[in-house]
Amino acid sequence: MAIFSLFFYVLTGILVCILYYHSANFLLDYFVKKKSNDSSIRAFIFIAPAFFILIIFIIYPVLETVRLSFFDKYGREFVGISNYIWAIKDPEFRRGILNNLGWLLIVPTLCTFFGLVIANLADRLWWGTIAKSIIFMPLAISFVGAGVIWKFVYDYRGPGDQQIGFLNAIVVSLGFEPQAWITIPIWNNLFLMAIMIWIQTGLAMVIFSAALRGIPKEMLEAARIDGANELKIFTSIIIPYLQQTILVIWTIITILVLKIFDIILAVTNGQWQTEVVANLMFDWMFRGGGDSGRGSVFAIVIMIAVIPIMILNIYRHREEQKI
Amino acid sequence: MKKYTFSSLISQFILLIFVIVWIIPTFGLFVTSFRDKDLLSTSGWWTSLITNEVNEIYRTENNESQILENNLYVIKSNLFENINKKKITSFGITSKNINEFIINDIATLKDGSKITVYENGDYIWTSEKPFENKKGKRIFITASSPPTFTIENYKEVLFKEGVGQAFINTLTVAIPSTVIPLIICSFFAYALSWMQFFGRDTLLALIIASLVVPLQMSLIPLLSIYNDIGALFNVSSKSYPGVWMAHTGFGLASTTFLLRNFIKSLPHEMIEAARVDGANHYNIFTRIILPLSIPAFASIFILQFLWVWNDLLVGLVFLDQVPSEIIITAKLRELLGSRGENWEILTTGAFVSMTVPLAIFFMLQRYFIRGLVAGSVKG
């Protein structure tokens with residue numbers, strides 16, 4: 001029964017879509033015989049659906065969110081910047097900002113570093129492909145799934161009990177006290193970040209791996225003949241050569257980290273001082289019947305953090321087009 | 001022969017450490033999901049992989065089950081309540097000396113009765129006088145327990161906890177949410193690459209800017225639009241078509257951008273030749289561009305499909321959290337709240353949610369990587 005409705009839903013959705021393009025183009029061919037008209041009307045047919053979706057789902061909401069951030073919780077009365085002032089005074093928001101900064105400093109750095117190291121090591125070893133597959137695998141897993149996986153690793157039982165969490169089992173076997181890792185303020189953020197690093201290192205590794213193949217072999221051989229050791233080659237040739245790639249990976253992971261939400265919601269839901277801005281935003285969408293003013297403020301904070309990267313992307317695209 | 005230098009050994013060692021750290025969490029989850037639920041809450045998953053020695057206490061039957069056999073009063077039964085694969089190696093009758101006797105030995109108790117325990121848990125307790133104990137005798141055993149695995153957890157999670165339904169719901173969300181943007185964006189990307197119209201460059205800049213717009217910026221206004229539409233037509237504001245459109249909207253920029261980069265890289269002579277021959281843009285698109293774009297489609301399909309499958313936020317906001325609509329990540333999050341200590345349910349549920357991404361990962365890794373390398377920026 002459920003399977004049947006699945007097929008029904010899926011087919012209708014896709015058929016409606018195909019029907020639009022086919023019939024619109026068919027009608028155009030039928031009514032407009034002149035060839036000169038082909039371009040403009042057909043361009044409209046090609047663009048219209050995507051363009052309207054872009055307007056409805058991205059452009060209008062962005063502008064509306066900016067407006068709502070200056071209005072009360074129902075979006076009716078103009079309240080000036082009082083939502084922003086409230087946010088600055090809100091201890092949860094301050095905590096969220098601090099945590100987000102921590103995430104921004106640590107996660108992209110470690111992902112890029114680990115990714116670069118692993119890509120370098122794996123490309124030289126015969127079992128490197130298998131190693132890369134394993135490191136890469138978490139990228140396919142959802143944040144919530146990864147949250148469950150790691151919450152299980154961090155599981156805590158009382159000091160006398162048999163530990164079933166892997167981390168505590170190691171700690172106990174080394175002779176230390178077991179810890180409830182995700183409830184220790186400040187440090188628990190690091191344990192949550194570990195989940196993100198575990199997921200995203202694979203991404204950095206794959207992109208580095210592709211970029212490393214672009215380094216001319218002659219250059220590396222020349223350096224070896226001149227007597228440079230592997231470490232010297234790594235710091236003086238490989239890193240400068242990969243500068244652009246490092247920047248790209250850094251920005252991709254930074255954007256992901258800015259929006260980090262699922263992991264926090266699944267593992268701690270912001271308790272024990274692990275709050276982040278995106279989770280606060282989700283929370284305020286529904287807390288107390290939903291407060292669109294405060295929720296919008298949080299969304300805008302994330303947006304502002306993204307803007308420098310957006311400008312950088314547009315600038316880079318322009319440069320590419322010139323070449 | 002390859003020579004093994006010191007630095008190569010170091011490299012192997014470092015990489016091995018990374019691999020072990022990366023694989024262990026997932027492997028632990030995988031193993032745990034197949035373990036017995038009573039066992040997994042008392043022992044770590046790593047203990048289930050090898051044959052273990054366990055010390056346990058059981059009680060025999062009491063005097064009510066005694067029978068008279070050859071002038072001896074006998075109580076015989078099996079120590080284990082349910083069938084298992086444990087093999088007893090030794091047993092004891094006092095807590096001070098729990099492995100005093102080896103199996104098949106005859107232990108003599110203080111009251112003169114004799115008891116023997118066998119490897120499979122069978123025991124015979126004989127006495128010349130009638131048994132008077134109301135409570136059974138405590139028996140301490142040392143047994144080796146071989147790895148045992150079960151699919152009970154999967155049966156429970158899929159059919160009783162509603163994860164099976166959530167799995168189908170997620171497919172209902174994910175397939176159209178992947179195919180629809182692919183269709184719409186391929187036309188859009190073609191227009192951006194090969195058609196002349198007013199404002200083309202502005203539109204392209206808009207797409208690139210939208211690539212990084214966090215989807216949090218869209219949630220509140222969209223939710224109120226959805227609520228208004230729902231109220232206007234007197235229908236639920238949360239529905240599958242609504243979620244498809246939302247995913248189409250959020251995936252539009254990245255899908256268009258990747259497809260445009262690909263379509264733009266096709267040789268323009270081909271398209272111009274077709275134009276000269278009198279083909280219109282629709283024919284060029286369906287007859288020439290589409291067949292050539294299959295590999296690019298595959299990569300983008302995988303990226304978008306995985307993104308939608310793994311998404312939690314959009315599913316939480318635009319779908320009702322009821323059994324017929326809840327998606328698997330939202331279900332998992334719900335279980336984390338309500339069944340926080342039932343690891344057999346959480347691990348199994350998580351593994352069910354990972355089956356599809358992992359299958360795609362192992363079968364189509366090449367396309368997945370190609371898509372990521374082509375530029376994985378997503379709003």
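The values are calculated or read from the model by the stated rules, or taken from the named source; none is laboratory data. Keep in mind it's a predicted model, so treat the numbers as computed, not measured. When we count neighbours, we look across all protein chains shown, and the Cβ atoms used for this are built from the backbone with ideal geometry, even at glycine.
Points to keep in mind about this one:
Listed here are the residues, each with its yes/no results for (1) assigned to a loop (DSSP other than H, G, I, E, B); (2) more than 30 Å from residue A:117 (Cα to Cα); (3) aromatic (Phe, Trp, Tyr).
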{"residue": "B:12", "(1), (2), (3)": "no, no, no"}
{"residue": "B:16", "(1), (2), (3)": "no, no, no"}
{"residue": "B:43", "(1), (2), (3)": "yes, yes, no"}
{"residue": "B:47", "(1), (2), (3)": "no, yes, no"}
{"residue": "B:53", "(1), (2), (3)": "no, yes, no"}
{"residue": "B:116", "(1), (2), (3)": "no, yes, no"}
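- Qualifying residue in segment A:286-297 (condition: under 20 Å from residue B:337 (Cβ atoms), assigned by TED's automatic domain parsing to the domain that holds residue A:144, surrounded by fewer than 19 Cβ atoms within 10 Å (Cβ to Cβ) and charged (D, E, K, R)): yes
- The lone exception for residue A:33 - which of (1) out of contact with any Ser or Thr (no Cβ under 6 Å at 6 or more places or on another chain); (2) at pLDDT below 85; (3) in a helix (DSSP H, G or I) it fails: (3)
- Applying the set (1) modelled with pLDDT under 80; (2) within 9 Å of another protein chain (Cβ to nearest Cβ) to residue A:45 leaves exactly one unmet item: (1).
- Among the criteria (1) at pLDDT below 85; (2) within 30 Å of residue A:51 (Cβ to Cβ), the one residue B:183 does not fulfil is (1).
- Residue B:213 falls short on exactly one of the conditions (1) touching a residue at least 60 places away in the same chain (Cβ under 8 Å); (2) outside any loop (DSSP other than H, G, I, E, B); (3) over 20 Å from residue B:326 (Cα atoms); (4) not basic (Lys, Arg), and that condition is (2).
- Close Cβ contacts (under 9 Å, 6 or more residues apart or on different chains) running from residues in segment B:345-358 that are under 17 Å from residue B:152 (Cβ atoms) and in contact (Cβ under 8 Å) with a residue 40 or more places away in the chain to residues that are hydroxyl-bearing (Ser, Thr, Tyr) and not in a helix (DSSP H, G or I) comprise B:350/A:142.
- Residue within segment A:70-80 that is within 27 Å of the chain's Cα centre (by Cα) and either surrounded by 15 or more Cβ atoms within 10 Å (Cβ to Cβ) or not polar (S, T, N, Q) (or both) present: no
Results for (1) charged (D, E, K, R); (2) farther than 21 Å from residue B:153 by Cβ; (3) more than 7 Å from chain A (Cβ to nearest Cβ), shown as yes or no for each residue.
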{"position": "B:16", "(1), (2), (3)": "no, yes, yes"}
{"position": "B:29", "(1), (2), (3)": "no, no, no"}
{"position": "B:38", "(1), (2), (3)": "yes, no, yes"}
{"position": "B:44", "(1), (2), (3)": "no, no, no"}
{"position": "B:49", "(1), (2), (3)": "no, no, yes"}
{"position": "B:55", "(1), (2), (3)": "no, yes, yes"}
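- Test: residue A:174 is over 20 Å from residue B:365 (Cα atoms), surrounded by fewer than 22 Cβ atoms within 10 Å (Cβ to Cβ) and touching a residue at least 24 places away in the same chain (Cβ under 8 Å): no
- Taking segment B:254-347 as the region of interest, the helices (runs of 4 or more DSSP H) fully inside it that hold 3 or more residues being hydrophobic (A, V, I, L, M, F, W, C) are B:268-276, B:294-310, B:313-318, B:328-338.
- Options A:57, A:78; residue that is within 7 Å of another protein chain (Cβ to nearest Cβ) and without any contact (Cβ under 8 Å) to a residue 24 or more places away in the chain: A:57
- Of the helices (runs of 4 or more DSSP H) contained entirely in segment A:110-227, those carrying at least 1 residues that are under 16 Å from residue B:28 (Cα atoms) fall at A:128-136, A:143-153, A:166-173, A:187-212.
- Here residue A:103 clears all of (1) within 9 Å of chain B (Cβ to nearest Cβ); (2) among the hydrophobic types (A, V, I, L, M, F, W, C); (3) more than 24 Å from residue B:226 (Cα to Cα) except the condition numbered (1).
Rundown of residues vs (1) in the same structural domain as residue A:251 (by TED's automatic domain parsing); (2) small (Gly, Ala, Ser), yes/no style:
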| position | (1), (2) |
| --- | --- |
| A:78 | no, no |
| A:94 | yes, no |
| A:102 | yes, yes |
| A:108 | yes, no |
| A:118 | yes, no |
| A:123 | yes, no |
| A:129 | yes, no |
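- Only a single criterion out of (1) of a type outside the set (A, V, I, L, M, F, W, C); (2) under 27 Å from residue A:259 (Cβ atoms); (3) surrounded by fewer than 13 Cβ atoms within 10 Å (Cβ to Cβ); (4) within 11 Å of chain A (Cβ to nearest Cβ) is not satisfied by residue B:278, namely (2).
Residue-by-condition table, conditions (1) within 11 Å of chain A (Cβ to nearest Cβ); (2) surrounded by 24 or more Cβ atoms within 10 Å (Cβ to Cβ); (3) closer than 24 Å to residue B:322 by Cβ:
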| position | (1), (2), (3) |
| --- | --- |
| B:169 | yes, yes, yes |
| B:179 | yes, no, no |
| B:201 | yes, no, no |
| B:262 | no, no, no |
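- Taking every residue in segment B:56-79 that is in the same structural domain as residue B:131 (by TED's automatic domain parsing) and within 16 Å of residue B:128 (Cα to Cα) and pairing it with any residue that is of a type in the set (Ser, Thr, Tyr) and surrounded by 11 or more Cβ atoms within 10 Å (Cβ to Cβ), at least 6 positions away or on another chain, the pairs with Cβ-Cβ distances below 6 Å are B:66/B:73; B:72/B:126; B:73/B:127; B:74/B:126; B:75/B:65.
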